[in-house]
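What follows is one structure encoded as structure tokens, with my remarks underneath.
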Amino acid sequence: MRGKLARILLGMFIGLFLLSACAEPVAEAPVASPTTAKIVLPPAWTPTAEATAVQTPVPTTSPTMELETEAPEEESPAPLSTDKPASDPLHIACGGLSLEVEPALALNYSCETIEESTDVELQPHVVAPEFSRVILFGYPSESTIRYPAISIFPIQRFRELSPILVNPRVTMLQGLISGHPAGSGELPFLPVISAYQIFHAQYSVLPFFNGSGIRFLTMYNLDNTPINNEDLFYTFQGMTSDQKYWISVSLPISHPSLPATRDYLPGGDWDAFDANPDPYFAQAVKDLNAQTPDRFVPSIGQLDSLVRSMFMTP
């Protein structure tokens, strides 16, 4: 009995001990203070740029802001005429020459200096002094033969380099400006072209601010070629009043009555044309002279206005 009671009392004592143990809070492990923590690096290790970069705080800048801080891309140069209203004329200045061109004829231009060429013996037709040249961009023409250009030549230097070719042209132009009839032969033209002038039509004397010259329509080729819109061009050949500069204007022009290319002959009889082209050209020139100036594209009036606006700085 006594042994049984002892076992019961022992069991109760153990149970009370366990209950008291569960009720007590569990103590947390002590945490080392940051001031006492010490990291010891191996003697051979040194911080690298990569390791330092990892320690750098991550920027809070948004992606949009990052894009704004990038360097802007370099812009292409704007065309010379894009900052003006479409109705305003294009003001051109090149080599001492100034003029105005309406928007229907050009939206932009280039001005270049061509070096002197003195190869008299091998290529006399390309002999020329240093000169300035304007090229028009946005010109209303589909011609692949000739581009719209205005050239300014110093006459005295041109005479010195090629007196045989230039002097007769200067003399003839002076006579035409003073009122001599044009006739049906070749009219003066510079620069010299290594082909012959097939015809001329719509001839007229035309003044500009400080000079005068002649205007006509023509074509150049090495053989007889039917008049066509691919080869046809308007030209002005003139001199300043002081006779220091020769201004040569060459601008493609077309007419709806003409074939697009040189491959078409009205009537189609090429044998008869090759044997005797004179009747064809006589009639073709007569027909072109009978056309009103506004029927050409661009109109002759538009191109004449371009020429009249020219002024050459003395």
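Computed values, structure above
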| item | result |
| --- | --- |
| Region 90-312 - Kirkwood radius from inverse mean 1/r over Cα pairs (Å) | 18.1 |
| ³J(HN,Hα), Karplus 6.51/-1.76/1.60, whole Hz, each residue of region 90-99, x for Gly, Pro | 8, 8, 10, 9, 7, x, x, 9, 10, 6 |
| Burial ranking of peptide ranges 196-205, 99-108 (average Cβ count within 10 Å, highest at the top) | 99-108, 196-205 |
| Charge context of Arg215, other residues only, Cβ under 12 angstrom, K/R +1, D/E -1 | 0 |
| Region 177-295, Cα convex hull volume normalised per residue, Å³ | 112 |
| Semi-axis lengths, Å, region 188-235, gyration tensor of Cα atoms, sqrt of 5 times eigenvalues | 23, 12, 8 |
| Highest average packing first - 304-314, 162-172, Cβ atoms within 10 Å | 304-314, 162-172 |
| Peptides ranked, highest mean first, by Cβ atoms within 10 Å: ranges 137-149, 267-279, 223-235 | 223-235, 137-149, 267-279 |
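Throughout, read-outs are computed from the coordinates displayed, never taken from laboratory work. Keep in mind that this is a model prediction, so the values were computed, not measured. All Cβ positions, glycine included, derive from the backbone under ideal geometry; neighbour counts span all protein chains shown.
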